[in-house]
1. For segment 54-185, what does the alpha-carbon gyration tensor say about shape, rounded, prolate or oblate, given a ≥ b ≥ c as the root eigenvalues, a/c under 1.5 as rounded, and a/b over b/c as prolate?
2. Find the relative contact order for the chain and round it to a whole percent, using C-alpha pairs within less than 8 Å whose residues are 6+ positions apart.
3. What whole number of Å gives the distance from the Cα centroid of segment 540-579 to the Cα centroid of segment 601-632?
4. On a full-extension model of 0.36 nm per residue, what is the gain between Leu515 and Ala12, subtracting their alpha-carbon distance, rounded to one decimal in nm?
5. Quick one: putting +1 on the C-beta of Lys and Arg, -1 on the C-beta of Asp and Glu, what dipole do you get for segment 299-365 around its Cα centre, in Debye to the nearest 20?
6. Which value results for Rg/Rh of the chain when Rg is the Cα radius of gyration and Rh the Kirkwood radius based on the inverse mean 1/r?
7. Among Ile310, Ser49, Val562, which residue has its Cα positioned farthest towards the positive end of the charge dipole of the chain, with +1 placed on the Cβ of Lys and Arg, -1 on the Cβ of Asp and Glu, and the dipole taken about the Cα centre?
8. Under a cut-off of 14 Å between alpha-carbon atoms, report the aspartates and glutamates in cross-link reach of Lys366, not counting same-chain residues fewer than 8 places apart.
Amino acid sequence: MSMLIFSYILAAFLFAFSYYLDSRSEKQNNLLTALSMTSAFTAFFAGVSATLLYTRNPTLSLLSFRLCLIAFSMSSVALFRYSLTVPYFAKHSLARFFGVLLVLFAAYLSFVSIEGVTLGTVDGRYFITSTDFYALGDGLFLYAAVFVLGLPGLTVLTLLSRAVGIRSRIFRQRLVFVAVSVCSGLAVSYALYTLSLAYVWALPLVPFGLAVMLVMVYQSESVTTLFDRALATATAINFTVLNLVFSMATGFAAAALIAVVKSRPLLVASLVLLAVAMLFLREIARKRLRRYVRVGSDYETELEAGLDSIDYASGGDVVIQKTVTLLEQYVECSSVEIMVSDDKGKLVTVFSSLGAKNELVIAENKAIDFLLGHSESIVLKTQAITNHIYADVKANLLKIFDIGHSDAFILLREGHRVVGIILLGAKKRGADFTDYDYTVLSKLYSNFFLVMYYLKNIANESVVLTVDREIEFSGQIITSIQENIDRIEHEKIDVDFITRSARKLGGDFIDFIKLGEDKYLYVMGDVSGKGLNASMSMVILKSVLRTFLTETKDFKQLVVKVNLFIKNNLPKGTFFAGVFGLLDFSSNVMYYLNCGVPAMFLYTAAYNNAIEIQGDGRVLGFVRDVGKYLKVKKIALNPQDILLMTTDGLIDATNLRGERFGKDRVQRHLMDNRSYPASRMAKFLCDNLGEFVSRELEDDITVLVVKYLGK
């Protein structure tokens with residue numbers, strides 16, 4: 001009796017699941033929702049029937065059982081109709097008509113042939129009595145033959161036969177997965193029914209198979225990328241050999257040692273040696289398996305190394321050819337088309353292995369705006385066809401795929417502005433893009449961004465008019481950054497900065513991002529390296545920072561994610577030394593995280609003194625887990641308080657006598673010029689540096705001045 005509660009819990013779950021499906025499914029696909037709802041009624045009436053039987057009310061128990069049979073017949077019919085419509089969800093009027101007839105037949109059969117439901121007095125078993133249904137045999141047996149075995153079996157056969165005939169591999173996979181889901185649900189219910197023959201308490205759990213089937217069917221329908229069988233096989237082999245085989249071998253060897261060695265010290269030493277030996281052998285086996293048990297799609301390391309090796313000083317044609325060769329070799333796509341955005345808001349083909357020349361007006365394609373708004377960069381054609389989140393822009397997405405006869409594309413953007421797009425043709429040998437391809441392309445997004453930004457701003461001969469392409473490119477980067485800064489305009493604050501690059505190239509970085517009417521985020525610092533590489537790393541970091549802000553609202557977690565990106569995606573050895581600050585004018589406070597900025601000074605009018613506040617900072621890009629080293633600090637801002645920050649290029653600058661400019665000069669400058677506006681303070685400090693070194697700068701410098709005007 002106590003197990004009956006699970007019937008009601010199951011019914012509640014299926015009711016809730018049906019509403020969930022109704023809210024998420026495409027409008028034309030309501031069969032899965034109907035299947036879940038009728039399954040919920042099946043579980044509910046089964047529980048009610050058993051409860052009434054235990055409370056000695058056989059008449060109402062019989063009625064509830066009949067309703068349970070009718071509800072299950074509706075589930076069985078809905079499942080079969082679903083097998084006819086998935087994946088396109090086309091209407092089948094004839095199937096609907098015969099479905100209604102079958103449900104009416106089930107209702108008639110239930111009321112005519114099912115005569116009673118009783119409870120055994122000795123063992124508490126359920127007994128169902130039924131009569132022959134005309135000349136067709138026992139009514140209950142006939143019902144089971146049609147709705148428990150017949151229709152579900154026909155459903156599986158229909159799904160498999162349609163899978164054989166359908167051309168699309170993603171839809172073929174979906175049909176097979178749904179067929180497996182139906183078989184799994186039936187197997188669970190049959191196992192529970194078999195268990196109930198020995199243990200009567202398991203009988204109320206039989207409808208649990210319906211829940212298993214529904215969840216699996218929904219998950220099958222949600223799969224938008226192809227299952228990589230080769231990768232799964234390799235994973236299974238590696239797991240079997242490296243874990244199961246070695247674990248069993250170690251266990252048997254340890255048992256043998258325990259049985260043979262009687263001396264405890266010797267036994268301990270033997271077990272330690274055994275463990276070391278097994279670990280050593282396991283490592284050898286892992287390396288051998290890596291060499292021989294290797295799948296064709298396992299290309300991430302090689303592709304990343306190839307993209308990292310691109311020489312951007314070799315010219316646009318070489319960069320394009322290298323990129324295309326890498327994609328065709330490792331991703332195994334049959335064609336590549338690269339389109340770059342121009343000043344007229346169009347994507348224009350700069351390379352096509354098919355020889356095509358295409359144009360796409362960005363503003364006219366709603367799918368691009370959708371992808372920008374949802375921070376989606378990698379899209380596979382199978383996802384565009386099958387993923388319900390793309391339902392409203394599906395036609396627009398397919399137009400993009402049709403341009404380059406492609407099966408996948410990479411949308412490169414800077415913030416909410418499109419830089420370009422890389423269209424990848426169908427895989428060679430008839431394969432399709434899988435979840436592994438999607439994962440690798442996502443991980444290497446920064447490498448593709450680097451290529452696209454180069455093509456847009458360097459390789460375009462109409463833009464580059466000088467021989468020194470690096471100098472021209474640096475100027476474009478600085479202009480691009482300044483144009484995209486959300487300059488702080490608030491009555492409580494006066495903010496300004498100056499960035500000067502040595503030899504017009506560098507990685508000094510400053511950005512302001514408006515989070516609300518009274519909240520701004522600022523970032524200032526220095527990306528390691530010189531010349532083109534540092535400049536491009538700076539641009540990528542700026543773009544990624546704004547993307548991360550859409551994913552996390554936690555200040556510290558934002559910095560942790562930036563650190564991981566620098567560590568995993570930027571060129572090896574890249575690091576960032578700077579500061580992240582959050583200005584909150586509503587509470588007159590500033591939160592900041594020091595990540596290696598060398599000089600931060602705070603002037604407080606109350607004490608008429610400038611103090612150094614940066615403390616110890618952890619540079620980003622050296623360690624993966626930087627969170628434990630970061631500590632958010634808080635400063636209460638009062639009228640006339642002044643913050644002055646600068647990168648190491650200014651502090652470490654030396655004059656002809658080898659003297660460093662140093663922090664003391666910065667501190668004195670703050671005290672001597674505190675009455676001037678922020679822009680004048682920044683300019684005066686840079687002018688003082690120029691007079692001090694008496695020559696060209698050797699490193700980039702950035703100066704940020706924040707004057708708090710009042711509460």
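1. Details: a/c = 2.82, a/b = 2.15, b/c = 1.31.
Since a/c reaches 1.5 and a/b is larger than b/c, the shape of segment 54-185 is classed as prolate.
2. Details: 1132 pairs, mean separation 55.2, N = 711.
It comes to 8 percent, rounded to a whole number.
3. Using only Cα atoms, the two centres lie 18 Å from each other.
4. My answer for the length gained is 176.9 nm.
5. Working: 4 positive and 13 negative charges, 64 e Å.
The calculation lands at about 300 debye.
6. Numbers: Rg = 34.4 Å, Rh = 31.3 Å.
Answer for the chain: 1.10.
7. Result: Ser49, furthest along the dipole toward the positive end.
8. Result set, ordered by chain and number: Glu376, Asp392.
Readers should treat all values here as calculations from the given coordinates under stated rules, not as data from a laboratory. Everything numeric in this text was worked out from a predicted model, so none of it was measured. Here the Cβ is made from the backbone with ideal geometry for all residues, glycine too, and neighbour counts use every protein chain on show.
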